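For reference, the structure discussed in these notes is given below.
The values are calculated or read from the model by the stated rules, or taken from the named source; none is laboratory data. In this text, all values refer to a predicted model and were calculated from it rather than measured experimentally. Please note: Cβ atoms are built from the backbone with ideal geometry, for glycine as well, and neighbour counts cover all protein chains shown. Heavy atoms of the whole protein, side chains included, go into the accessibility calculation; ligands, DNA and RNA do not. Shrake-Rupley method; radii C 1.70, N 1.55, O 1.52, S 1.80 Å.
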Amino acid sequence: MKKLQCISLCLVLFSGYLSVPLFAEEDVAETARAAAKNLDEATAEMVVAKSAKYRIKALAGTIQAFEEALALLRSSMRQIAITQADLKTNLSLQEKDISRLVGVLHGIDNEPMTAKLMHPDGPLSTARAGMLLSHILPTLQRPINQIRQQLENIKTLQNIQKDTTTILQNGLNELQSARSNLALAIADRKNLPKRFIEDKSKTAILIAAAETLETFIKGLSIVAINETAESLPDIRDRKGKLHFPVNGRVLREFKSADAAGVVRPGIIVATAPGALVSTPTAATIRYKGELLDYGLVSIIEPQRDILFIFSGLAQIFGNIGEVLPAGSPVGIMGGELPSAGEMFKESAARSGTYRPETLYIEIRENETPQDPILWFQVKKD
């Protein structure tokens, strides 16, 4: 009789395990390994770029590649933290049933041999109980294997985190070094063509007189002396195909209210601290510096009557009047990247502690605001 009760309890427990959700831990682990490999390769490329012949172009390209790899790795780290937490929660919820299951199996194993061989109701009941037991015990191996697999998956994810920490910290160190090298290389640059010479006194007058960005842009042409008549190549046929100027995520779309309730004719992009902002096409620097309440601003002109406006930068590169090649750094965002350890803690915090930098992007054609999203290649994620 006791054996039948044990069997009945095993069936109840087993039916509960059938409802346990399956996790894609292996996919999460594989994605994290791939992201770590990409980051490691991007780090190696940054090291090589420091001694490249065309250092600015090489460093800018490798820094952007690293930022993309870092974003993927942070996403993977976040997924690993969530998956680990879910696995541990799942095992914790099953702890009572697991204890009962172990107790049942232990009880069956410790029954006297006579109880295992003979049923109180006679030989026929003994045979039936034996057949039922022989059927259910192999089936119980499934939840046992599932528990073992979940424990192994937790350990695998922990090992990936441990292995990734070194790769991540090395990469962050090289990124800081590469940004410093890039700033030095740009400071030493003297071979950029110039479309005009800046009249600094008129720039100062314009800044003092302008009350809005609109009025500043209307008077922007007065700062140029000896401007060449030629314009850069037309980019209208590349509208919607231009590379996005920074690795980030759109927080506020065109003409949406920002956190302060102010509606601006541009978009706000969340970026990582220290993210590199680049020009998606060749462009003339029309203005750089502090402006109104926009902070540090860079205004570039890819062709006559079209302006790209970037604000929220911590550092701006180039000089007014210079023509930047496509992909050239315009500036760097503020903030400091956290350490590898801080990134892992941040990933484990479900409430989210990450505070990104924000870049404001505005595009004007014939002084009229345009939706920047329509000009760039923008990923939906």
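Listed values, structure above:
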item	result
Residue within the stretch 237-249 that is of a type in the set (S, T, N, Q) and under 30 Å from residue 40 (Cα atoms) present	yes
Number of positions in the stretch 249-269 that are of a type in the set (A, V, I, L, M, F, W, C), open to solvent by 10 Å² or more (accessible area, probe 1.4 Å) and in a strand (DSSP E or B)	5
Hits in the stretch 75-89 (condition: crowded, with 17+ Cβ neighbours inside 10 Å and of a type outside the set (Ser, Thr, Tyr))	77, 78, 79, 80, 81, 84, 87
Within the stretch 226-243, tally of residues that are over 38 Å from the mean Cα position of the chain (by Cα) and open to solvent by 60 Å² or more (accessible area, probe 1.4 Å)	4
Subset of the stretch 72-81 (residues that are hydrophobic (A, V, I, L, M, F, W, C) and more than 14 Å from residue 158 (Cβ to Cβ))	72, 73
Selection count, the stretch 215-225, where residues are open to solvent by 60 Å² or more (accessible area, probe 1.4 Å) and closer than 23 Å to residue 277 by Cα	0
Any chance residue 296 is within 29 Å of residue 180 (Cβ to Cβ) and in contact with a helix residue (DSSP H, G or I) (Cβ under 6 Å, 6 or more places away or on another chain)	no
Test for residue 254: is it in contact with a Phe, Trp or Tyr (Cβ under 6 Å, 6 or more places away or on another chain) and under 30 Å from residue 70 (Cα atoms)	no
Hits in the stretch 196-210 - residues which are touching a residue at least 40 places away in the same chain (Cβ under 8 Å) and either in a loop (DSSP other than H, G, I, E, B) or open to solvent by less than 50 Å² (accessible area, probe 1.4 Å) (or both)	196, 198, 203, 210
Residues located in the stretch 156-195, provided they are open to solvent by 50 Å² or more (accessible area, probe 1.4 Å) and over 28 Å from the mean Cα position of the chain (by Cα)	187, 188, 190, 191, 193, 194
